[in-house]
1. Output the residue which, of all residues in segment 324-381 that are in contact (Cβ under 8 Å) with a residue 40 or more places away in the chain and among the acidic types (Asp, Glu), is surrounded by the most Cβ atoms within 10 Å (Cβ to Cβ).
2. Looking at Val231 and the list (1) in a loop (DSSP other than H, G, I, E, B); (2) buried (at least 18 other Cβ atoms within 10 Å of the Cβ), which single condition is not satisfied?
3. For residues that are in contact with a strand residue (DSSP E or B) (Cβ under 6 Å, 6 or more places away or on another chain) and either of a type in the set (Val, Ile, Thr) or free of Cβ contacts under 8 Å to residues at least 12 places away in the same chain (or both), tally how many sit in segment 208-243.
4. Give the residue, chosen from Ile248, Ile211, Ile317, Ile308, that is in contact with a helix residue (DSSP H, G or I) (Cβ under 8 Å, 6 or more places away or on another chain) and more than 27 Å from Asp341 (Cβ to Cβ).
5. Which of the residues spanning segment 280-305 are under 23 Å from Met197 (Cβ atoms) and assigned to a loop (DSSP other than H, G, I, E, B)?
6. From (1) farther than 23 Å from Thr76 by Cβ; (2) touching a Lys or Arg at 6+ places or on another chain (Cβ under 8 Å); (3) among the acidic types (Asp, Glu), pick out the condition that doesn't hold for Asp366.
7. Go over the candidates Arg302, Arg278, Arg270 one by one and state the one that is within 22 Å of Ala181 (Cβ to Cβ), exposed (fewer than 14 other Cβ atoms within 10 Å of the Cβ) and assigned by TED's automatic domain parsing to the domain that holds Trp223.
8. Inside segment 76-129, can you point out the residues that are more than 13 Å from Phe157 (Cβ to Cβ), in contact (Cβ under 8 Å) with a residue 60 or more places away in the chain and either β-branched (Val, Ile, Thr) or part of a helix (DSSP H, G or I) (or both)?
Amino acid sequence: MADYSPPEQHREVTAKKGSGGARGKKRPPKSAKARSESRPPGKAPAPQRHPPTGWETATVASSPQRQAYAALDLGTNNCRLLIARAAGQNFTVIDAFSRVVRLGEGLAQTGRLSDAAMDRTLNALRICAEKLKRRNVRLAWSVATEACRRAENGVDFIERVRQETGIALDIISAQDEARLAVLGCHILLEEGTGPAMIFDIGGGSTELVMIEPGEGIPRILDWQSVPWGVVSLTETCSVEGETAEARIARYAEMRRLVSESFTEFAQRVRGAHAPDLRLLGTSGTVTTLASLHLDLPQYDRRAVDGLIVPADSMRAISQRLALMSQGERRELPCIGRERSDLVIAGCAILESILDIWPASRLGVADRGIREGILRSLIASDRRMERSRTTARKSRQGNRK
């Protein structure tokens, strides 16, 4: 798997007056850009698609310092949006949104997205569309992951989203999902020598990536994606039992399923084990367990993002949670009702990853795909601007 390089093509959108205060340039009536101007009221600008790219660009009149970039990540469990402005080599978040939508609920049994799940998700995406309209967004990339990849009606749902909200979602591959996660969080990896491992436990899949850190973006040495996330694994295994023995048996079955899926990858990376094993996780599972490790009364991103936790502590918390009933877990701070049923699957996946890459410490990242998208957009925009500047100077030189 080569170093991550975002696509160079873009989807163009002309922002209308009243959408972030930008005025678009008029085009002949038959152009795609002009057609996007006639969208129904309340919808975000409809992008002209140039497959297989997943980018959108808006031509705006404001200064570059005020232009914003947006990243939308529609997963199996969550819908998340970040809107940011470039700040040197980094970015500053100016708006954000996150909601548990459980788009993949029931997918393991039916192979389809349910009507209720799609309706919940559309409600969240309408909020995202309104936020995108209010901000001066120059570039945006909206992606969908495992639930839409697997569902028979995933493509139909993407089209419905476009028609009802104006948001053009791209169903990205597991490989691109892994790349974006690495790009978004690798700066939190501990210093050291030899290969390191980064993982992302999602709602419908888990990506495990072995990297070689260096200057800039790490080089990806090997990777694997398995169709087990907190939603898919929870729904595949039997209903949680009433007794501790039944819960232990269910947890063991979860561990078995995940470990079997990672068998070939585990064999490939075994020879890469070095004395200085480094491991970094980005997911709701690791941030939740890190919060429990810190005994936080409520979730605090500032305390969790970048934290280094003993792996033994994460194992102990996972095994303790696996013995609890759902009602008992619901009462714990930082878990609550939304995560009480899904956190056990995340614990099983985490322990299986620790078996594969037995690091003594685990880095925790409350960042991932969205941040990776933003970094990609900003870098791509700067390359395009340099290219335009070079071409402009060349034209001026030719006229002299």
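1. Glu371
2. Failing condition for Val231: (1).
3. Number satisfying all stated conditions: 4.
4. Just a single option satisfies the conditions, and that option is Ile211.
5. Result: Ser283, Asp305.
6. Condition not satisfied by Asp366: (1).
7. Arg302
8. Val100, Ala108, Gln109, Ala129
The values are calculated or read from the model by the stated rules, or taken from the named source; none is laboratory data. Predicted model only: the values in this text are computed from it and were never measured. Positions of Cβ are backbone-derived with ideal geometry, glycine not excepted, and every protein chain shown enters the neighbour counts.
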